[in-house]
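A short reminder: the numbers here are calculations on the coordinates, not readings from a lab. Only a predicted model underlies this, so the values are computations on that prediction, with no experimental measurement involved. FYI the Cβ positions are ideal-geometry reconstructions off the backbone, even for glycines, and counts take in every protein chain you see.
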Amino acid sequence: MSSDILFRGGRAFTPHAVDARDSGGFAEAVLVRDGVIAAVGAEADLARISPGAEPVDLDGGLLTPGFTDAHMHPVQAGLERARCDLAQVYGLDAYLGAISDYAAKNPFKEWIDGGGWDMSAFPGGLPHRSQLDFLDRPAYLIQRDHHAAWVNTRALELAGITRDTPDPADGRIERDPDGTPSGVLHEGAMDLVGLLTPRPTPGDLVAALLDAQAHLFSLGITGWQDAIVGSYAGSDDQLPAYLSAASSGRLTARVVGALWWDRARGAEQVPGLVERRARAEGLDRFRATAVKIMQDGIAENFTAAVIEPYCRCGGPELGRGLSYVDPALLKVYVKELDALGFQVHFHAIGERAVREALDALAGTDPGNRHHIAHLQIITPQDVPRFAALGVTANLQPLWATHHAQMDELCIPYLGAERSSWQYPFADLVRHGTRLAAGSDWPVSSADPLQGMHVAVNRTEPGGSVHASYPTAQTPFLPGQSIDLRTVMTAYTAGSARLNGSPAGAIEEGRPADLVVLDRDPFTLDPQEIWTTRVRMTFVDGRLVHG
């Protein structure tokens, strides 16, 4: 019996195809043999090559390469899915209801931990400890963006945090007018409580990884870059979980781990990173070849590094945010990492952080595929530097809309000119920048098709928690939208290239990491792209979802 598979009855997205079989970046059929793409072309031709091939009817849908998410946190997501998960609801009443239900169902848990709350659900973006004081236990709930935690009075007491506790160098304790901690801990201050919470076991971390993998397969994601492999903000090191899952064959996705750069340390940590990279050598599905440097925070809590101070409209100055690594030292560290063959993966939100990252990457080897993620604000003069330096722009498209956090917590404090520099996808494309794409899951939905919808329309996709916000369907800086072909290529070939993956395109000789979509989004009204769903996902020609 033939082990060949013939995908037919629709179209295949083949943006790299350049020969006679190509029709505007699409092909009629794809033949897979022994887990590898054997031929791409007309259905009749491929049927003659392998008359006994098992047919997979696309039923008018689209076959795409497997999606690769270039920036996500799946182990953390898996843990949150098993804890008090607030990501699927919105608003204080809904949060308190979910927290109360979770506490009732878990009476023996020492802490109420989890996360997913949205800053925009609270006045000024800030919940309060008193809202959680109905609980009979300490609470530690991470904000959706993972840059703050909401805690109750009991948690603050256990941590010994009082009005006299100073802010850590890389964070801030939110306070009431009299100086009493209010119950929100930003950035590095999260560890003051987070490190007291019960630690997951090694088995918990592996289970979280495998749960996340199954969820990602259901969305067509066959590879990713884990943007923090290390300990950060109370999280546990994920490296042992990846090594265990990969060595046992349970990790079937193609994954690169970005090893966490401890911003409280300097070059003395580099030998440890080299050792951690070596622990993954020889594994088929996991490599630890990148280093993640978080250069700033986020705009909503004024920790994103900006050039001019945040606007305050008559109030006290809010400052210019935080550069977590001294820019002069950053250049030294990046040069050393580059010389050792590491890929540097930057978090940069504010325009100053983006500039500092670009400055540090000047003169590095483009072959190491360095990239900067998030890129909320880029000055017009820095946009051309990405292509000039060979730096990939790692986009998280879902954020480029008029949602509540944008309209209420960003634009008023960024000012008109700086607000117009946000998420300049089209400008990056016009300058020839290489693109990759990701989600930052669990910060936002991992669904690549929702991200593609936003990149094309610059509006919220239907079904999101922000879809009913008054301006959610008003395009956000519509001149920065990009076409579906460009963004789908970023989620496939672009992110796969970033990871050094052999997958990412439908071409002869490539691994058969493939996704069957229930419809062809290229034939839809662009405003309906978000309605597309994944029917089947294959890795090496093996069905992993569907």
Residues Val344, Val325 arranged by fewest to most Cβ contacts within 10 Å
Val325, Val344
What list of ³J(HN,Hα) couplings, whole Hz, do you get for the stretch 113-119 from phi and the Karplus terms 6.51, -1.76, 1.60, once you set θ to phi - 60° and write x for glycine and proline?
10, x, x, x, 6, 10, 4
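Taking the Cα centre of the chain as origin, work out the dipole magnitude from +1 charges on Lys and Arg Cβ and -1 charges on Asp and Glu Cβ, in debye rounded to 20.
Working: 46 positive and 68 negative charges, 136 e Å.
The calculated dipole for the chain is roughly 660 debye.
As a test of the formula, what do you get for the chain when each DSSP H run with n ≥ 4 contributes -39,500 (n - 2.57) and the sum is divided by the residue count, at 222 nm and rounded to the nearest 500 deg cm²/dmol? Write out the running numbers ahead of the final one.
On the way: 17 runs with 139 residues, N = 546.
Computed mean residue ellipticity for the chain: -7000 deg cm²/dmol.
Can you tell me the FRET efficiency between Glu110 and Asp176 if r is taken as the Cβ-Cβ distance and R0 is 41 Å, rounded to the nearest 0.05?
Working: r = 27 Å, r/R0 = 0.66.
After rounding, the FRET efficiency stands at 0.95.
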With unit charges on the beta carbons (Lys and Arg positive, Asp and Glu negative) and the dipole taken about the Cα centre of the chain, which residue among Gly78, Ala227, Gly479 sits farthest to the positive side?
Ala227
Other-chain or far-sequence residues with amide H under 5 Å of Val229's (modelled H):
Ala258, Leu259, Trp260
Rounded Å value of the spacing that divides the Cα centres of the stretch 255-305 and the stretch 326-378:
12 Å
